[in-house]
Amino acid sequence: MKNIKTGYFMLLGICMCLIYSCEIQENFEYQDSGSTAKLGVTAWEFIQENDSLVMLEAAITKVGLESIYAAMDSKTFIAPTNNAFNQYLTENAYESLEEVPVPILRNTLRYHIVDDVVLFTNPDLSESNNPIAYNTENGQIMFLSHNSNYQGLINEGTGKQWTIVTSNLEPTNGAMHVVSSIVYFSAPSNNLNIPDPSVKTDTIYPKHDTYINGGANSGVNYGRDVLMKVKNVTGNGDFDRKAYMMFDLNEFDKEGVITDVRLDMAVSFTAAKGVKMNLFSVADTLWNETSLTFNTATLPAGNPIASLTTTKVSKFAFDVTDFFNALEKRQSVSFVLDGQAGSDETDEFASKETTALKAPMLIATIASGNTSLDLITNSGFSVTSGETYVFSEENIEVDGAAPADIIFTVEQIPQNGWLVRGATILKVGDRLTQLDIHSKNLVYISNGLGTEDSLTLSARDRAGASLDPFNIAISIL
């Protein structure tokens with residue numbers, strides 16, 4: 001273990017045990033004044049001398065932020081443990097800290113630095129557990145509060161909150177709180193699929209549905225089965241099965257604007273290995289469920305039109321809105337459901353012949369289309385190369401509905417950086433709201449390349465109004 005300076009070793013004994021075990025403090029007695037641990041060293045010196053914060057030290061060094069942890073400017077440092085970093089690497093598919101792009105890691109660490117000294121002995125925090133907003137070094141907001149047991153909380157009341165495991169450490173340059181997770185800001189959660197109260201739905205069912213089986217059963221028809229079975233082992237062997245469904249989109253007959261289309265599949269069984277379940281479209285709409293076999297079926301090719309990850313749920317829901325919008329007219333369509341190649345996962349779904357579960361359903365969300373949206377601000381922005389920019393309504397603002405009801409879709413991602421909502425790097429097709437922009441939940445992180453960038457968004461509200469895709473210009477300094 002690294003040597004801890006004797007001048008404060010005994011003072012920190014209990015506190016250090018809490019850090020090493022990563023357990024939440026129990027029965028911590030908060031006082032109206034005073035502190036639990038005056039360290040006598042800067043935050044940077046403390047981090048360097050603590051085995052539980054080795055990965056935090058490595059991250060700070062990697063991105064060059066040593067000076068901010070060592071400076072005498074008074075701040076609050078949220079200190080993630082080694083376990084927190086290991087969890088972060090696993091969740092983001094990084095093999096090591098070295099694989100994390102420097103701009104992303106720098107932005108992450110800067111969010112963990114609050115531009116104020118916040119101790120839970122502060123009367124504003126100790127007398128009330130209401131979250132208080134503080135600015136962080138990356139330009140976003142962090143809420144700090146405590147629960148009824150006086151355990152410190154980060155971002156209470158937002159989309160994601162955390163409990164502090166060790167509170168009120170006092171380095172000579174501010175305050176420090178230890179956490180067992182990498183934290184981030186997430187705007188209050190909002191279900192983007194909840195429509196305006198005036199919105200209605202229209203549901204249609206398959207004209208035909210069945211599954212096909214490869215190998216020795218490639219000539220067998222399963223059109224009368226009450227289940228549709230899906231499995232991908234080799235693609236065409238004895239245990240390979242794919243589900244087929246045909247819908248006539250002309251059966252959508254309610255008046256209004258179709259804003260979303262979803263395919264719901266009732267799950268009879270899933271092994272739920274956490275692998276991809278892919279939905280494809282095939283051009284053949286002349287097949288019949290009473291005659292289709294593996295030998296006669298048009299097999300899927302190209303990219304799926306929708307995918308999800310299998311879990312233990314009662315229904316798989318596929319968003320096929322983009323597929324629907326790309327069609328030139330209402331027509332019959334054929335869908336094929338196939339598992340991830342080589343996944344060897346068994347999945348079974350209700351067919352229209354079953355009475356025990358709901359049949360497959362294609363559900364359209366239909367809005368009145370009587371509202372309108374206006375893009376009143378699109379100023380673009382400038383960002384220093386390799387740094388972070390936090391969006392606000394000063395850059396992008398759409399009017400015509402409540403911020404939570406204005407839904408943007410990412411049509412084109414930046415080429416010289418990352419667009420991040422909460423902790424998620426957004427990709428084409430992902431969605432966010434005007435509320436995310438208002439609450440500083442959306443950031444652009446420059447990857448340090450190029451002198452300009454852009455991204456493209458489209459927008460709609462829950463009542464059917466929409467805006468065509470528009471570009472946001474980014475200047476990299």
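Where a number appears in this text, it was derived from the coordinates with a stated rule and is not lab data. None of the values given here were measured: they were computed from a predicted structure. Quick reminder, even Gly has a Cβ in these numbers, built from the backbone with ideal geometry, and neighbours come from all protein chains shown.
A few points about this structure:
- Once exposed loop GluC sites (Glu not before Pro) are cut out (DSSP; at most 11 other Cβ, 10 Å), longest piece of the chain: 128-254
- Averaging the sequence gap over all C-alpha pairs within less than 8 Å and six or more residues apart, then dividing by the number of residues, gives the chain a relative contact order of 14 percent.
- Bins of 5 Å from zero: percent of alpha-carbon pairs in the range 374-476: 3, 14, 25, 28, 19, 8, 3, 1, 0
- Note on PHE269 and ASN250: their simple-model spin labels are 3.9 nm apart, each label 7 Å out from Cα toward Cβ.
- Partner aspartates and glutamates for LYS231 [C-alpha distance under 17 Å; skip if fewer than 8 residues away on the same chain]: ASP209, ASP240, ASP338, ASP344, GLU345, ASP347, GLU348
- Rg/Rh ratio calculated on Cα atoms of the chain (Kirkwood radius): 1.05
- Of the trypsin sites (Lys or Arg not before Pro) found in the range 384-435, those in coil by DSSP whose Cβ has at most 15 other Cβ atoms within 10 Å are LYS427.
- Length gained on full extension, GLN161 to THR424, computed as 0.36 nm times the residue gap minus the Cα-Cα distance: 93.1 nm.
- Estimated [θ] at 222 nm from DSSP helical runs (n ≥ 4, -39500 (n - 2.57)) normalised by residues in the chain, nearest 500: -4000 deg cm²/dmol
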